[in-house]
Each structure stands twice: as C-alpha cells, then as structure tokens.
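Only the coordinates and a few stated rules stand behind these numbers; no lab work does. Note that the coordinates shown come from a computational prediction; the quantities given were computed from them, not determined experimentally. FYI the Cβ positions are ideal-geometry reconstructions off the backbone, even for glycines, and counts take in every protein chain you see.
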Amino acid sequence: MTTGVYRLSPMRRNEELAGWLFASPWILGFLLFTAGPMLISAGFAFAEYNLLQPAQWVGTANIEKALSGDPLVWQSLKVTTIYAFVSVPLQIVFGLIIALLLNTNIRGLQYYRTIYYLPSVLSGVAVALLWRWIYAPNYGLINALLAGFGIQGPGWLSDARWALPSLIGMSLWHVGGGIVIYLAGLQGVPTEIYEAAEVDGAGWLTRFWNVTIPLITPVLFYQLIIGIITALQVFTQALIMTNGGPHDSTLFFVLYLYRNAFQFFKMGYASVLAWILFFYILLLTLLVYRSSSVWVFYSGEVKRS
C-alpha cells in the first residue's frame, strides 16, 4: 500500500483556479462590504464613537441602554413589526389575486403584465413623493375623491391614527414585483391535475384551494420570507413622508437607527441597534422556515407517516 500526497491534475488545477478567479469579485465584495463592516460594527457596539474622536470602550452600556433604558427602541420595533405583519400578508394576497387574473388568455395580456410590473421599478424616493401628494389633506387625490362623495378625508400623514395605515396601504404599490413570481408558480402547476380534479367534480374554488394553493406554497414561502426581511428594513417612506411622526407613530426601526448614527453621531449605539435588528430578522426568518415543514409542499416530495 502506497501513501502520498494527493495531487490534482493540471487540467483540474486550472479549472479550480478559474473557479476561484470567477468567484473572487464576489468574495472580495463580501469581505470588504459585508463581513468587514459587520465585524467593525460588532466592535463599535461596545464603544462610544462619534466619528470625530477616537472610540472609547464603554462595555455593555450601549446594549443595556437599548434593551432597558430607551423606550424609543421598543416603540420603533413595535411600529416596524405591525407594518411587516400587516403589509406582507396584504401584498401576498393582492399579488396572488392579480396574478390569477393575469394567468388567463385575454387580449393584450403582455401589456397588462407590464403595467402592473412598472411601479416596482421606480425609485423609493420618487414613489414616496408621489404618495405624499396623493395623501395630502387639502389637494390630495384621495381626499378629492372622498369630497366628491361628501366625505371629508383625514390628514392621512399628519394624524397618528392614520399615518401607519397610510404607509401600509402605500406598500401595495409594489405588488407588481411579486406578480411575476406568482405567475411563474401558477404556470408551473400541471394542467392534468386540474383536469383530474374537474373530472372528479371539483369546482373552481375547490380546485384553487386543494390544487393551486398547495402546489404554489414554495412560491408563497419565498415571498413570505423576502417580504418579512424587506418590510422590517423599511426606511425611505418614513423618512420622506413623515420623518417618523406624528408622535413617533411611524418611527421605523431603521429610521431610528439612522437618526442615532447620522444625526446624533452615536455610532456605537447605532451599531447595537443594527445587531438587534439583525437578530430579530434572523429569529423571524428561522420561525417561518421551521413552520414550512407543516404547510409548504414540494412537487414530487414523498411524505412518510
């Protein structure tokens, strides 16, 4: 029996080298712009740093303040959670309904799909400015329509009762981005399953609930995960439209983080807030992922009792 060092052939070595070279831009980008800043922010979490003076070690003071001494942390976390838990299901439901309507053979279907998708490619600032005009109390589009029915509309963005619901309603503007994914899932459902269900006497609603929904649960699962992660990081809408007001009713977590970092120059405290958000998103993502074994069905999967 001979022993020795395993050596790659020249061809295999060249292939491996080429693979590392092609992957190197992503690896360098990840190390420089993701992993590196995360490690630095982890260090700043235990220091007081204002960008102008050297960082000073304060131990766990920032963490203790964030968890027990700052009520705005919990207010912003509550606002962000409500926004995510309401807006994401609404986006999934409305996106799926529109996708079902577009998943038909009607004339000009490609134009309808383009029209619904276009709003999702507009920049966040432009959309926020547009909706700030729509929600304007005196000359806004919504209140003008309500006035036509003799109804006096509220101050959508200036009333603490309506500000957060207004931003939730605005989130439906982006359902077009998900429609494309829903359409791909709907068109991937085998037609023979529909035909078999129809032969068995299943109506449209029965086929939708027992055939369509189970077979597109991977798409719904993906949209739920991405929607939660995105909604918990909402920032632009609140900054431009309400700046967190009125009375902190739209103080989203990332907006509060931004204030501490770039208005109050509390980089250490802002780093703690960033890690709190990171672990919160991680926790919710893991919970949704663990629940997927109960309600997500993959085609061809064999489940054993």
Quiz item: Quick one: length gained pulling Ile226 to His247 fully straight, 0.36 nm per residue minus the C-alpha distance?
Solution: 4.6 nm
Quiz item: Which of Leu164, Leu122, Leu255 moves most in a GNM of the chain, Cα contacts under 10 Å?
Solution: Leu122
Practice problem: Choose one answer from Ile63, Ile240, Ile27: the residue with the largest mean-square fluctuation in a GNM of the chain with alpha-carbon springs under 10 Å. | Solution: Ile27
Self-check item: Added length on full extension, which subtracts the Cα-Cα distance from 0.36 nm per residue, Leu118 to Phe30
Solution: 28.6 nm
Self-check item: Cα gyration tensor shape for the chain, rounded if a/c is under 1.5, else prolate or oblate
Solution: oblate
Quiz item: Relative contact order (percent) for the chain, with alpha-carbon contacts under 8 angstrom and 6 or more residues of separation?
Solution: 27 percent
Exercise. Arrange Thr114, Thr230 by Cβ neighbour counts within 10 Å, fewest through most, would you?
Key: Thr114, Thr230
Quiz item: If R0 is 41 Å, what FRET efficiency do you get for Gln233 and Gln152 from their C-beta distance, rounded to 0.05?
Solution: 0.70
Quiz item: Looking only at Leu109, Leu129, Leu186, which one moves most when the chain is put into a Gaussian network model with springs between Cα atoms under 10 Å?
Solution: Leu109
Quiz item: Once both labels are modelled 7 Å past Cα along the beta-carbon direction, what's the Asn210-Val180 spacing in nm?
Solution: 3.5 nm
Exercise. Using Cα centres only, tell me the gap between region 75-148 and region 173-223 in whole Å.
Key: 22 Å
Quiz item: What does the charge add up to near Asp200, with Lys and Arg as +1, Asp and Glu as -1, over the other residues with Cβ less than 13 Å from its Cβ?
Solution: -2
Quiz prompt | Phi-based couplings in Hz for region 29-42 (Karplus 6.51, -1.76, 1.60; Gly and Pro marked x) | solution = x, 5, 5, 7, 10, 10, 5, x, x, 5, 5, 5, 5, 5
Quiz item: Along the Cα-to-Cβ line of Asn50, 7 Å from the Cα, sits a label point; which residues in region 257-286 have backbone N less than 20 Å from it?
Solution: 257-273
Quiz item: Which FRET efficiency value, to the nearest 0.05, do you get for Lys78 and Leu287 by plugging their Cβ-Cβ distance into 1/(1 + (r/R0)^6) with R0 = 25 Å?
Solution: 0.90
